[in-house]
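Remarks on the structure that follows.
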Amino acid sequence: MADDEVPAEVVAQIMAMLADMQCEMDPSDIEAEDDGGYELDDVFCADGQYDMKLDADLQITERRKE
């Protein structure tokens, strides 16, 4: 569904933020939320795997360890 596609520049910003946190993920697991934020599934960090939610400003609002 084209309306739910995350813009390439946002994907790049999220991937850079994760790299700074020493985390990585498959960019296809970034989902746009109805509130303008984003849901990140299966983020792999040095201390484990997480699901994260970001607000529209790409600030982490929720981080759940799996």
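Observations on the model:
- Considering (1) acidic (Asp, Glu); (2) under 10 Å from the mean Cα position of the chain (by Cα); (3) open to solvent by 40 Å² or more (accessible area, probe 1.4 Å); (4) on the phi < 0 side of the Ramachandran plot, the lone condition that residue 39 does not fulfil carries the number (3).
- Taken over region 20-30, the criterion of being open to solvent by 80 Å² or more (accessible area, probe 1.4 Å) and in contact with a Leu (Cβ under 8 Å, 6 or more places away or on another chain) is satisfied by 24 alone.
- Checked against (1) over 12 Å from the mean Cα position of the chain (by Cα); (2) within 15 Å of residue 64 (Cα to Cα); (3) open to solvent by 30 Å² or more (accessible area, probe 1.4 Å), residue 45 passes all but condition (3).
- Unmet requirement for residue 17, which otherwise passes all of (1) without any contact (Cβ under 8 Å) to a residue 24 or more places away in the chain; (2) surrounded by 11 or more Cβ atoms within 10 Å (Cβ to Cβ): (1)
- Entirely in the chain, the strands (runs of 3 or more DSSP E) that have 3 or more residues that are touching an Asp or Glu at 6+ places or on another chain (Cβ under 7 Å): 38-45, 48-54
The values are calculated or read from the model by the stated rules, or taken from the named source; none is laboratory data. Bear in mind that the values here come from a model prediction, so they are computed numbers and not experimental data. Here the Cβ is made from the backbone with ideal geometry for all residues, glycine too, and neighbour counts use every protein chain on show. These accessible areas exclude ligands, DNA and RNA; they are computed on the full protein's heavy atoms, side chains included. Shrake-Rupley method; radii C 1.70, N 1.55, O 1.52, S 1.80 Å.
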